[in-house]
1. Kindly sort Met108, Met152 by accessible area of their heavy atoms, largest first, with the probe set to 1.4 Å.
2. Under a 1.4 angstrom probe, counting protein chains only, how are Val147, Val45, Val73 ranked by accessible area, largest first?
3. Express in nm, to one decimal, how much length is gained between Asp89 and Val69 on full extension, taking 0.36 nm for each residue of separation and deducting their alpha carbon distance.
Amino acid sequence: MLSSHGLRRPFLVLSLCLVALFLTSAGAAPAPASWRWPLDGPRDVITVFRAPSHDFGPGHRGVDLASSVGAAVRAPAHGVVAFRGTVVDRPLLTIDHGGGFVSTFEPMDSDLALGDAIVAGAEIGHVATGGHTPAGQLHVGVRWNGVYINPMALFGDAPRAVLLPCCQAITPADGRAGTSP
């Protein structure tokens with residue numbers, strides 16, 4: 001007969017597998033091919049992504065990248081221009097990349113038109129001024145199926161979660177691994 005202690009590890013492994021399956025099928029963004037960094041030169045993130053706790057909550061729904069006014073902005077992936085215009089006080093461009101992925105760049109001047117096909121790496125505009133970013137910064141936002149996600153995950157620069165071993169503890173008395181309660 002197995003004790004409840006003997007069933008703990010298989011139950012935990014099964015639970016983790018079910019959670020991973022749920023996240024893969026309902027909510028976690030699929031892993032597309034890495035996107036191209038939108039600016040030439042060093043990768044310098046000024047303001048990181050901060051997810052809001054709810055749809056209308058405070059947060060930072062993208063990343064602000066160091067640049068200079070007039071710097072060329074490049075398409076991170078293939079897509080089609082979904083919007084180009086001014087929203088409130090900032091010029092912006094939105095690209096639909098398919099698969100539920102939509103990227104937005106602001107402030108950015110562009111000569112592209114609605115429906116223009118975009119090739120990854122092509123120049124799509126130039127860093128402008130306006131909006132919440134100081135002059136010389138570019139805000140990049142990405143939505144997947146209508147939900148803002150951390151763009152850095154698509155550029156291959158987001159820190160990855162690290163799973164630590166479960167239920168193993170080092171006992172201070174002898175330094176050997178043992179099962180934690």
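The values are calculated or read from the model by the stated rules, or taken from the named source; none is laboratory data. None of the values given here were measured: they were computed from a predicted structure. Keep in mind that these areas ignore ligands, DNA and RNA; they rest on the heavy atoms of the full protein, side chains included. Shrake-Rupley method; radii C 1.70, N 1.55, O 1.52, S 1.80 Å.
1. Solvent-accessible surface, decreasing: Met152, Met108.
2. Ranked list, largest accessible area first: Val147, Val45, Val73.
3. Residue separation times 0.36 nm, minus the Cα-Cα distance, leaves 5.6 nm.
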